[in-house]
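**Student:** Pasting in a structure now, in structure tokens, and then I'll have a few things to ask.
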Amino acid sequence: MGEVFEFTVNGQVQRTEEDKPLLRYLRDDLKLYSVKDGCSEGACGTCTIVVDGKAIKSCVLTTKRAVGRNILTVEGLSDEWKDAFVYAFGAVGAVQCGFCIPGMVMAGTALLQNNLNPTEEDVKYALRGNICRCTGYKKIIEGILLVAKILRGEASVNEDLEKGDVYGVGQRAFRVDVRKKVLGFGKYPDDIVMDDMVYVSAVRSKYPRARVLKIDASKAEALPGVLGVLTAADVPNNKVGHIQQDWDVMIAEGDITRCVGDAICLVVAETEDILNKAKKLVKIDYEELEPVRGIADAKREDAPKVHSKGNLCQTRHVVRGDAAKALAESKYTVTNSFRTPFTEHAFLEPECAVAFPYKDGIKILSTDQGAFDTRKETAIMFGWEPERIVVENQLIGGGFGGKEDVSVQHIAALAAWKYKVPVKAKFTRQESLYFHPKRHAMEGTFTLGCDENGIFTGLDCEINFDTGAYASLCGPVLERACTHSVGPYCYQNTDIRGYGYYTNNPPAGAFRGFGVCQSEFALESLINVLAEKVGITPWEIRYRNAIEPGKVLPNGQIADCSTALKETLEAVKDVYEQNMDHAGIACSMKNAGVGVGLPDKGRARLVIEDGVCVIYCAASDIGQGCLTVFCQAVSETTGLPLSKIRNAVANTENAPDSGTTSGSRQTLLSGEAVRGASALLKEAMDEVGGDLSKLEGRDFFYEYFEPTDKLGADVPFPKSHIAYGYATHVVILDKEGKVKEVYAAHDSGKVVNPISIQGQIEGGVLMGMGYALTEDWPLKDCVPQVKYGTLGLLRSTQIPDIHAIYVEKEKLLGVAYGAKGIGEIATIPTAPAIQGAYYALDGKFRTSLPLEDTFYRKKKN
């Protein structure tokens, strides 16, 4: 018998002879799934536990080093502490995607066990090792302070809030998924275990561009416990892609890799340990080739072709009026070139999926932003009718656009179909960094003009995107960058040219803001220079040009009655003018819904099951809270309490397609579909005196579709999108040049849930702040030079005071109770507002991100 390692976990003595990371022992042996695996590198904090009274990351502690120690996880908390955390985190809105939350709970527990009277600074310090990408930390800090008050007896748990007897639109609704996320028993794909489940992982390219000469998997295949090794020859159709099918499932012998994330072969094994050993035994011979390093390389006439059709992936040309004439006749013009980097989504949950044989095809349990999109891409790979594949989203640990493309889903499905067993595919954090699409790097030149009064006359710009190895969503993202580069203002002369280039960098695609973060950074920075030339303030020039109801946006769309950009400017006027010498201001707009003539529909079914209204809507809740919004819509329309409403575990077999969670669309489109179905239910309820039992088995379906006009439509006032949200952000620096305060005023129509919108704004602001100041994606010959811990993600001790302000007008859109999306726009104005703040502080006009020569990043020599 070998050495025995003995320690206590949640009051129970545990013994093991295996020396391995404590994280793996807690999850794999004890099935304590509150302990999340976000990076296994000690960087993210999702695996935080309490060891002898201190918060420790379990991935950096081993079973051998844990001997004699007392370990506590969320599962081991007393009922009093569990209820306090659930109530407090739900009441303040601390829970979004939820993947970081159990780790936050344990970091908070370690603090409160030693200090039941913490200050806000104490809480920030206690959370410094835990990353949250959704909330901006503020709500989590508020939640822990409320837990402390409850445990001190100064506040009480209000169980009625969680029960949701009052749950309509506009209420401070307790999210429907708070308890299972706070206590860690809600299932993300990596928490799923099945009988006979095996594991699959890819051996990935060492080089961004190299010819694969030979794949020798014989030693791996001979290893006991290996089911087999799959190559491109085993794939029915070796291409996937969200819009363009240009992404190889695997690179075949003789073919050329396009990025370091490329899969060369898949190893399938009985355990993860065997899998990791087998991958190291696969020998691949390469002929290393010169990579296409960036936009300039891609443009060269003699450049290697990343794809056979060439290096120009997508183009867009947006024209209205005569920009050249307008600019030539302008009193003032300003021109500058701007650069923004690739950036990483850094969602806390790495990609994971479980697939297994189902009926005449495959079922996939996934974490992604669109179940029907995953079904479509996987069906393309198999060459099947889509219905043979069923995709069911589990809890989703964040996305921000980075989980729109298939990543692990299709390889799990391929292995499950080949070997007829359940298969789990999971990325390591480094695989995730290499593989999934980033925010596009931009190089652009912008010229903006105005008259003597500061009224904008025209915009000319060229936007170049590096889309990396594959298209992903290059076309739509480039389109949004172009159409929104004009800003939320009134002028009609624009000439905007957009180009997306293939390179051998990791792919780029959707990321919160969807191209608009890049172009609005440039435009809003230029506006401040024009204001100087005219002799008016940056606030005043924006107010003079601001779109308002009935006026025409630069794309020709007439602004609807809900438009409230001027109101957001008015909301921050005083605070901006009181701090002008060290403050910056920026506005933005962002579409809600896909628009541009595409058939974008919201669909929902309500079914009465066992006396409860069950919502079937295949809309991914990636933390934004749409599942809660749906329940609020049902409650508002029917008067039912939350106890009579629940969301089904929706999938592509039992729920209608309500589109991707992208484009800030779910609250508006799917929300209106749920409202419409609820209205049908209410009619039926009225006929039976409100008795749901008399409607048992009834099914109420509603589809919402509002047509839009395609880009370049030959109509005087094209309707590009069904709605736009608007925002103004003001950033105030302190004397050291640190971001001290951010005032974020938002027009998002009707505020469906005041708790949720605050957290969305705060999280969006902090993400925009990271984009402006600290986050980067350094590459060396197309190979990322980063780990999760070196991405520059802001931590709890670095957050400014964020003031979320929301504007609600009396006149709103007539759908979804007047709601518009908040998910993306909250990120967009922060970076240019920070640029403007530094420009006001020191007079240096910075044109690239992350901004150099600031408190956060000193100028490079």
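**Student:** Apply 1/(1 + (r/R0)^6) to the Cβ-Cβ distance of PHE717 and LEU312, taking R0 = 30 Å, and write down the FRET efficiency to the nearest 0.05.
**Tutor:** Result of the calculation: an efficiency of 0.40.
**Student:** Relative contact order (percent) for region 317-420, with alpha-carbon contacts under 8 angstrom and 6 or more residues of separation?
**Tutor:** Reported relative contact order: 32 percent.
**Student:** Oh, and also: So for the pair GLU17, GLU808, with labels modelled 7 Å out along Cα→Cβ, what separation do we get in nm?
**Tutor:** 6.5
**Student:** Also: Quick one: grab the alpha carbon gyration tensor of region 454-562, order the square roots of its eigenvalues as a ≥ b ≥ c, and give me rounded if a/c is under 1.5, else prolate or oblate depending on whether a/b is larger than b/c.
**Tutor:** prolate
**Student:** Under 28 Å Cα to Cα from LYS735, which lysines show up? Leave out anything in the same chain fewer than 8 places away.
**Tutor:** LYS124, LYS138, LYS139, LYS533, LYS573, LYS844, LYS858, LYS859, LYS860
**Student:** Let me ask something else. Let me know the volume per residue of the alpha-carbon convex hull for region 601-705, in Å³.
**Tutor:** Looking at region 601-705, the number lands at 84 Å³ per residue.
**Student:** A follow-up question, please. Sort PHE855, PHE99, PHE456, PHE372 so that the residue with the fewest other Cβ atoms within 10 Å of its own Cβ comes first and the one with the most comes last.
**Tutor:** Least to most surrounded, the residues fall as PHE855, PHE372, PHE456, PHE99.
**Student:** Where does each of 795-804, 340-349, 298-307 land if you order them by average Cβ count within 10 Å, highest first?
**Tutor:** Result, highest mean Cβ count within 10 Å first: 340-349, 795-804, 298-307.
**Student:** What's the Kirkwood radius of region 392-497 in Å, using all Cα pairs?
**Tutor:** Across region 392-497, the inverse of the average 1/r is 17.4 Å.
**Student:** Averaging sequence separations of C-alpha pairs under 8 Å and six or more residues apart, then dividing by the length of region 5-189, give the relative contact order as a whole percent.
**Tutor:** Here the relative contact order equals 25 percent.
**Student:** Something else about it: Output the relative contact order of the chain, whole-number percent, from Cα pairs under 8 angstrom with separation of 6+ residues.
**Tutor:** Value for the chain: 14 percent.
**Student:** Sticking with this one: I want the antiparallel fraction of DSSP beta bridges within the chain, as a percent rounded to 5.
**Tutor:** 75
**Student:** Put +1 on the Cβ of each Lys and Arg and -1 on the Cβ of each Asp and Glu in region 322-386; which of LEU348, PHE372, VAL334 then has its Cα farthest toward the positive end of the dipole?
**Tutor:** Toward the positive end, the furthest listed residue is VAL334.
**Student:** On to the next question. Express in % the proportion of alpha carbon pairs of region 1-147 at distances exceeding 25 Å.
**Tutor:** Summing the P(r) tail past 25 Å for region 1-147 gives 25 percent.
**Student:** Which residue, chosen from MET197, LEU183, VAL212, occupies the Cα position most advanced towards the positive end of the dipole of region 176-215, where the dipole is computed from +1 (Lys, Arg) and -1 (Asp, Glu) charges on Cβ about the Cα centre?
**Tutor:** VAL212
**Student:** Calculated from the structure, Rg/Rh (Cα atoms, Kirkwood Rh) equals which of [x] 1.40; [y] 0.96; [z] 1.05?
**Tutor:** [y]
**Student:** In addition: Out of CYS626, ALA571, GLY136, whose Cα points farthest toward the positive end of the dipole of the chain (charges: +1 Lys, Arg; -1 Asp, Glu; placed on Cβ)?
**Tutor:** GLY136
**Student:** Let me ask something else. Classify region 666-733 as rounded, prolate or oblate, taking a ≥ b ≥ c as the square roots of the eigenvalues of its Cα gyration tensor: rounded when a/c is under 1.5, otherwise prolate if a/b is larger than b/c and oblate if not.
**Tutor:** oblate
**Student:** When ASP734, ASP686 are ordered from fewest to most other Cβ atoms inside 10 Å of their Cβ, what list results?
**Tutor:** In increasing order of surrounding Cβ atoms, one gets ASP686, ASP734.
**Student:** Take the alpha carbon atoms of region 231-261, find their center, do the same for region 712-767, and report the distance between the two centers in whole angstrom.
**Tutor:** If you average the Cα positions of each part, the centres end up 39 Å apart.
**Student:** Moving on to the next point. With a/c under 1.5 counting as rounded, go ahead and sort region 607-649 into rounded, prolate or oblate using the C-alpha gyration tensor (a ≥ b ≥ c being the square roots of the eigenvalues; past the cut-off, prolate if a/b is larger than b/c, else oblate).
**Tutor:** Judged from the Cα gyration tensor, region 607-649 comes out oblate (a/c at least 1.5, b/c at or above a/b).
**Student:** Sorting check: for 818-828, 765-775, which peptide has the highest mean count of neighbouring beta carbons within 10 Å, and how do the rest follow?
**Tutor:** So the order, starting with the most tightly packed, is 818-828, 765-775.
**Student:** Based on DSSP H runs of at least 4 residues, each adding -39500 (n - 2.57), what is the mean residue ellipticity at 222 nm of the chain after dividing by all its residues, to the nearest 500 deg cm²/dmol?
**Tutor:** -8000 deg cm²/dmol
**Student:** Also: Of the listed peptides 465-474, 198-207, 547-556, what is their order by residue-averaged count of other C-beta atoms within 10 Å, with the highest listed first?
**Tutor:** So the peptides 465-474, 198-207, 547-556, ranked by packing, come out 465-474, 198-207, 547-556.
**Student:** For the residues ARG152, ARG65, ARG512, what sequence is obtained by ranking on other C-beta atoms within 10 Å, fewest first?
**Tutor:** ARG152, ARG65, ARG512
The numbers here are math on the coordinates, done by the rules we state, and not lab data. The shown structure was predicted, so the numbers you read here are calculated from the model rather than taken from an experiment. Note that we place each Cβ from the backbone using ideal geometry, even for glycine, and neighbour counts take in every protein chain shown.
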